[in-house]
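Engineer: Below you'll find the structure I mean.
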Amino acid sequence: MSLEPSSVNSSSVASASTQALNIDVLVSVGRHSLTERPRRADLDARALELALRLRDQRGAQVNACHVGEGGQRAGSDTEAALRDYLGMGLEHLTWIDAPQGSDALGLLDEHLRAGQVSAGPRLVLCGMRAEQGEGSGLLPFLLSESLGWAYVPAVVEVEDVASEDGHWYTTVLQALPRGQRRRLRVRLPALLGIDAAAAQPRQSAFGPARRGRIEQRQLETSVIADESLANWPLQPAKPRPKRLKIVTATNARDRFKAAAAKAESTGGKVLQDVSPEQGAEAVLTLLKEEGVLR
Amino acid sequence: MSSSNQDRVRRDPRLEWIARNRLHPEHEQALAALGQVGGSALAIEWMGPNGRMRRNPHAVGFIGPNGRKRIDRSGAQVGATDSLRGRAGNTAKQDNRRQVDIAEPDFFIAVVPDTGSGRLTEHDRDLFGLARRLADQPGVEQGAVLAVVFGDSIPEGLDEAGADRVVCFPIASGYAPEERLAALMSLEAALLPRHWMLPDTVLGGGDLGRRLAVQLGERPACGLWRVDEDEQAATGWSCVCRSGSGRWDQPRPLPRVAIALAECAEPVVETRHAAAEVEGLDLVAIQANEGAGEVIGSSIEDLGAVAVDPSAIALDEAEFILSAGNGIRDWEGFHHAARVLGATEGASRVAVDDGFMPRNRQVGATGTWVSARVYVAVGISGAIQHLQGIQRCDKVVAINSDAGCDMVKRADLSVIGDSAEVLQALATLVEASRGEATSQQQATPSDVHALKEVRDVA
């Protein structure tokens with residue numbers, strides 16, 4: 001916690017008027033896990049939510065961008081899903097044309113490079129993985145490599161953007177397992193992968209969704225087919241086999257005990273006829289051993 | 001020669017014959033001479049005339065209080081000394097693992113375990129099992145499993161997990177993916193492992209593995225859950241990857257970098273491996289990594305953990321739960337203790353039904369299945385539904401007034417006594433150990449209790 005939030009805030013607010021924060025949000029078309037209907041992808045919507053909050057708080061400029069199959073636009077599933085994003089309060093959204101099964105990497109790379117307008121800080125937000133297709137979560141890593149920007153996964157909150165020694169830095173919170181959080185300071189420009197623990201996305205409103213513009217864009221970069229998908233097509237997932245409980249007991253008694261699984265004494269320590277202080281002491285020792293006491 | 005003479009068992013066939021013949025006048029003396037206890041206490045096991053071990057089935061058990069013979073196979077009863085002696089041999093922890101040493105491996109399979117909180121996770125063990133399968137492929141070549149760990153010390157249990165070699169990079173536990181990546185790249189240059197295996201966890205292997213694959217220009221197998229032998233594949237193996245949404249499978253040849261899900265293979269149970277530190281190489285590697293780390297590692301800086309409000313953490317992912325049951329009378333004291341300890345609050349069904357705790361705090365089969373590292377059950381007797389709900393907890397502490405309840409049987413540590421007093425003593429101890437820092441919080445417990453009451457009433 002070397003940063004003092006108040007001082008950093010004041011400096012960033014002062015600079016926000018001169019150099020606005022540029023935020024690009026990469027959005028994809030999601031699919032509901034149960035009904036399989038196309039919708040806004042949950043993680044991408046959370047990323048957009050984060051960007052819109054930054055826009056409201058510090059006047060950041062938010063651009064959303066989607067790479068996907070063009071085809072018949074009006075009334076398509078993709079358009080309906082993209083309008084869900086527009087309904088969250090975006091005025092326009094860029095739709096980069098790419099045939100199905102093509103690699104989005106080169107297109108996004110070119111789009112983000114062209115989007116570099118001013119000397120202002122640059123932030124790219126996206127969900128950690130897509131809801132459709134391979135969904136391996138590899139794209140932001142590839143993008144960060146090709147752009148030479150840092151990538152931070154599992155971000156839940158952008159606390160602050162400030163400049164120091166001629167460089168822009170952002171302070172973000174990262175979600176750790178078990179509900180814990182960690183604070184990171186990242187040099188901009190950077191890509192942030194948004195975690196499912198980030199703030200709930202706001203509801204999509206119908207009016208703004210209708211009014212919002214979807215801008216089509218063709219890029220000069222030649223489209224490359226995704227060779228992984230072409231060579232090894234996806235198949236509907238089979239249920240994974242449940243792991244059997246392996247008992248390597250040599251005698252019948254142990255095997256029987258393992259089969260008849262009843263919670264039984266595991267040789268725990270029982271403190272009987274002790275004073276409350278002694279009992280508390282023993283509990284405290286265990287808590288300290290496990291390292292759960294902060 | 002002399003030593004083998006001492007080891008050899010000398011048998012007296014005549015004495016054995018007398019010992020077998022219960023009607024022989026010297027039967028008792030013969031038994032005593034053979035080391036079997038004569039008279040009332042009978043021997044359980046002895047070596048028979050053909051060198052086989054003989055057992056006396058009548059010698060097991062003990063005489064119960066009503067004068068009848070009892071045989072207790074549950075192991076709970078402390079009975080006759082004979083049966084105890086017999087059991088001690090069975091229950092003694094014996095090491096059945098076969099030692100395997102691979103002196104000159106033809107290739108390496110590198111595994112980068114997560115080692116959460118200094119221990120190997122179950123996920124890591126599965127991964128080592130998978131790596132062993134790839135290394136022990138029957139054929140001309142014998143591979144070695146190389147464990148790559150970060151931190152000051154090497155975690156225990158790597159030998160039983162199945163690692164032949166270990167490389168330890170002294171990189172701190174904070175978030176430093178670029179530094180770790182540089183370490184892995186230096187190892188790649190030094191040893192050129194045939195495969196890299198990482199667990200698909202968000203901030204551990206999943207992050208590092210994808211970075212590594214991108215650096216190597218390799219398309220990694222993410223979400224891998226099955227590996228099969230395949231003649232047609234270049235590496236001799238094919239794998240199946242689960243998509244991020246869980247709806248699709250992608251069968252493909254096994255690439256160099258594999259990022260695997262939990263339960264991708266069976267963990268190693270039958271063998272023990274050397275887990276020897278790689279000599280000569282590691283020094284070079286660390287130096288190379290330090291040089292690289294200074295250049296790249298500056299773009300992400302770890303500012304440390306952030307204090308999180310424990311009551312805001314969802315119950316199923318909480319690390320430390322203080323759970324209340326029917327035995328609680330002093331609810332203010334319970335909330336106070338939870339706040340002082342920094343524990344997430346849980347409750348049994350009875351406490352929720354009686355309106356003392358909100359429904360979303362209920363632990364058990366009908367509430368939330370929790371997976372805490374430490375679960376402290378205060379005044380909970382342990383209904384079977386509740387015990388099911390805490391199955392995945394590591395350590396269970398019971399504070400209860402009834403020593404015979406099921407929760408005490410399940411617990412690793414039980415304190416029998418008045419729960420309110422023990423909790424109060426615990427809170428006092430913790431406050432005392434924290435000293436001045438908490439004394440200010442202690443000054444305002446009343447308004448917090450008032451808040452809690454308002455919430456409970458609402």
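Engineer: Determine the shielding of peptide A:120-130 by partner chains: average, over its residues, the number of Cβ atoms on other chains within 10 angstrom of each Cβ.
Structural biologist: Partner Cβ neighbours, averaged per residue: 1.
Engineer: Mind running the shape call on segment B:98-296? Use the C-alpha gyration tensor, a ≥ b ≥ c as the square roots of the eigenvalues: rounded below 1.5 for a/c, prolate if a/b tops b/c, oblate otherwise.
Structural biologist: It is rounded, given that a/c, with a ≥ b ≥ c, falls under 1.5.
Engineer: Does segment A:29-130 come out rounded, prolate or oblate by the C-alpha gyration tensor, with a ≥ b ≥ c the root eigenvalues, rounded set by a/c under 1.5 and, if not, prolate when a/b is larger than b/c and oblate if not?
Structural biologist: oblate
Engineer: Show that you can apply the helix-only estimate: for chain A, add -39,500 (n - 2.57) for every DSSP H stretch of four or more residues, divide by all residues, and state [θ] at 222 nm to the nearest 500.
Structural biologist: That comes out to -9500 deg cm²/dmol.
Engineer: Could you give the nm distance between label points at residue B:9 and residue B:50, where each point is 7 Å from its Cα heading toward the beta carbon?
Structural biologist: Distance between the two pseudo-spin positions: 1.4 nm.
Engineer: Between residue A:145 and residue A:181, what is the spin-label point distance in nm, taking each point 7 Å from the Cα along the Cα→C-beta axis?
Structural biologist: Distance between the two pseudo-spin positions: 3.2 nm.
Engineer: From the Cα gyration tensor of segment B:170-212, with a ≥ b ≥ c the square roots of its eigenvalues, which class applies: rounded if a/c is under 1.5, or else prolate if a/b is larger than b/c, or else oblate?
Structural biologist: Values: a/c = 2.34, a/b = 1.25, b/c = 1.88.
Oblate.
Engineer: Let me ask another. What ranking, highest mean first, results for peptides B:53-65, B:181-193 when packing means the other Cβ atoms within 10 Å averaged over each residue?
Structural biologist: In decreasing order of mean packing, B:53-65, B:181-193 become B:181-193, B:53-65.
Engineer: Most mobile of A:62, A:155, A:247 per a Gaussian network model of chain A (Cα springs, under 10 Å)?
Structural biologist: Looking only at A:62, A:155, A:247, the biggest GNM fluctuation is shown by A:247.
Engineer: Taking a cut-off of 14 Å between Cα atoms, list the aspartates and glutamates near residue B:69, but don't count ones fewer than 8 places away on the same chain.
Structural biologist: B:82
Engineer: What is chain A's relative contact order, in percent, from Cα pairs under 8 angstrom and six or more apart in sequence?
Structural biologist: For chain A, the relative contact order is 21 percent.
Engineer: Moving on to the next point. Per residue, how much accessible area does segment B:98-296 show when a 1.4 Å probe rolls over the protein heavy atoms, in square angstrom?
Structural biologist: 41
Engineer: Ok, one more. Using packing as a proxy for protection, rank A:36-49, A:160-173 so that the peptide with the highest average count of other Cβ atoms within 10 Å comes first.
Structural biologist: Working: A:36-49: 22.1, A:160-173: 17.7.
Highest to lowest by the protection proxy: A:36-49, A:160-173.
Engineer: Compute for chains A and B the buried accessible surface, both sides summed, probe 1.4 Å, and express it in Å² to the nearest 100.
Structural biologist: Adding both sides of the contact gives about 7300 Å².
Engineer: Could you tell me the extents of segment B:130-171's C-alpha atoms along the three principal axes, largest first, rounded to whole Å?
Structural biologist: Between the extreme Cα coordinates on each principal axis of segment B:130-171 lie 37, 17, 13 Å.
Engineer: Continuing with the same structure: Choose one of A:169, A:205, A:191: the residue whose Cα lies farthest towards the positive end of the charge dipole of segment A:115-216 (beta-carbon charges +1 Lys, Arg; -1 Asp, Glu; about the Cα centre).
Structural biologist: A:205
Engineer: Of A:245/A:288; A:245/B:395; A:242/B:395; A:288/B:409; A:242/B:409; A:257/A:288, which sit over 27 Å apart, Cα to Cα?
Structural biologist: Among A:245/A:288; A:245/B:395; A:242/B:395; A:288/B:409; A:242/B:409; A:257/A:288, the Cα-Cα distance tops 27 Å for A:245/A:288; A:242/B:409; A:257/A:288.
Engineer: Return the FRET efficiency for the residue pair residue B:353, residue B:122: r is the Cβ-Cβ distance, R0 is 41 Å, and the value is rounded to the nearest 0.05. Don't skip to the answer; put the middle values down first.
Structural biologist: Numbers: r = 35 Å, r/R0 = 0.85.
After rounding to 0.05, the efficiency reads 0.75.
Engineer: I've got another one for you. Report the FRET efficiency, 1/(1 + (r/R0)^6), for residue A:215 and residue B:305, where r is their Cβ-Cβ distance and R0 is 56 Å, rounded to 0.05.
Structural biologist: Values: r = 42 Å, r/R0 = 0.76.
The computed FRET efficiency comes out at 0.85.
Engineer: With charges only on Cβ, +1 for K and R and -1 for D and E, what is the dipole size of segment B:98-296 about its Cα centre, in debye, rounded to 20?
Structural biologist: Its charge dipole is roughly 640 debye.
Engineer: Follow-up. Along each of the three principal axes of the Cα atoms of segment A:125-169, give the extent in whole Å, ordering the values from largest to smallest.
Structural biologist: Cα extents, longest axis first: 42, 24, 10 Å.
Engineer: Mind checking B:420-430 for the average number of partner chain beta-carbons within 10 Å of each residue's beta-carbon?
Structural biologist: 5
Engineer: Could you look at chain A and say what percent of its accessible area is carbon and sulfur, using a 1.4 Å probe and all protein chains?
Structural biologist: 51
Engineer: For chain A, build the charge dipole from Cβ charges (+1 Lys, Arg; -1 Asp, Glu) around the Cα centre, then report which of A:258, A:235, A:214 sits farthest towards its positive end.
Structural biologist: Going by the charge dipole, the pick is A:258.
Engineer: In whole angstrom, note down how far apart the Cα centers of segment A:215-253 and segment A:90-139 are.
Structural biologist: Between the Cα centres of segment A:215-253 and segment A:90-139 lies a distance of 23 Å.
Engineer: Quick check for you: with a 1.4 Å probe and neighbouring chains kept, what is the accessible area per residue of segment B:310-457, in Å²?
Structural biologist: The answer is 43 Å² per residue.
Engineer: Also: Kindly report the accessible area of segment A:106-239 per residue (heavy atoms of protein chains, probe 1.4 Å, no ligands, DNA or RNA), in Å².
Structural biologist: On a per-residue basis, segment A:106-239 sits at 46 Å².
Engineer: Name the residue farthest towards the positive end of the dipole of segment B:310-457 from the options B:333, B:426, B:323, assuming +1 on Cβ of Lys and Arg, -1 on Cβ of Asp and Glu, about the Cα centre.
Structural biologist: The Cα lying farthest towards the positive end belongs to B:323.
Engineer: How much length, in nm to one decimal, is gained on full extension between residue B:141 and residue B:218, taken as 0.36 nm per residue of separation minus their Cα-Cα distance? Write out the running numbers ahead of the final one.
Structural biologist: Details: separation 77, 0.36 × 77 = 27.72 nm, distance 2.40 nm.
Net length gain for the segment: 25.3 nm.
Engineer: Moving on. How large, in Å, is segment A:5-231 by the Kirkwood hydrodynamic radius built from its alpha-carbon pairs?
Structural biologist: Across segment A:5-231, the inverse of the average 1/r is 18.0 Å.
Engineer: Measure out, as a whole number of angstrom, how far apart the alpha-carbon centroids of segment B:196-274 and segment B:117-183 sit.
Structural biologist: Computed from Cα coordinates, the inter-centre distance equals 14 Å.
Engineer: Quote the charge dipole size of segment B:310-457 about the Cα centre in Debye, to the nearest 20; the model charges only the Cβ of Lys and Arg (+1) and of Asp and Glu (-1). Spell out each step's value before the answer.
Structural biologist: Values: 13 positive and 19 negative charges, 73 e Å.
Charge dipole of segment B:310-457: 360 debye, to the nearest 20.
The values are calculated or read from the model by the stated rules, or taken from the named source; none is laboratory data. Everything quoted here is computed from the prediction, not taken from an experiment. With ideal geometry, Cβ positions are generated from the backbone for all residues, glycine too; neighbour counts draw on all protein chains shown. Accessible surface is based on the protein model in full, side chains and every heavy atom, while ligands, DNA and RNA are left aside. Shrake-Rupley method; radii C 1.70, N 1.55, O 1.52, S 1.80 Å.
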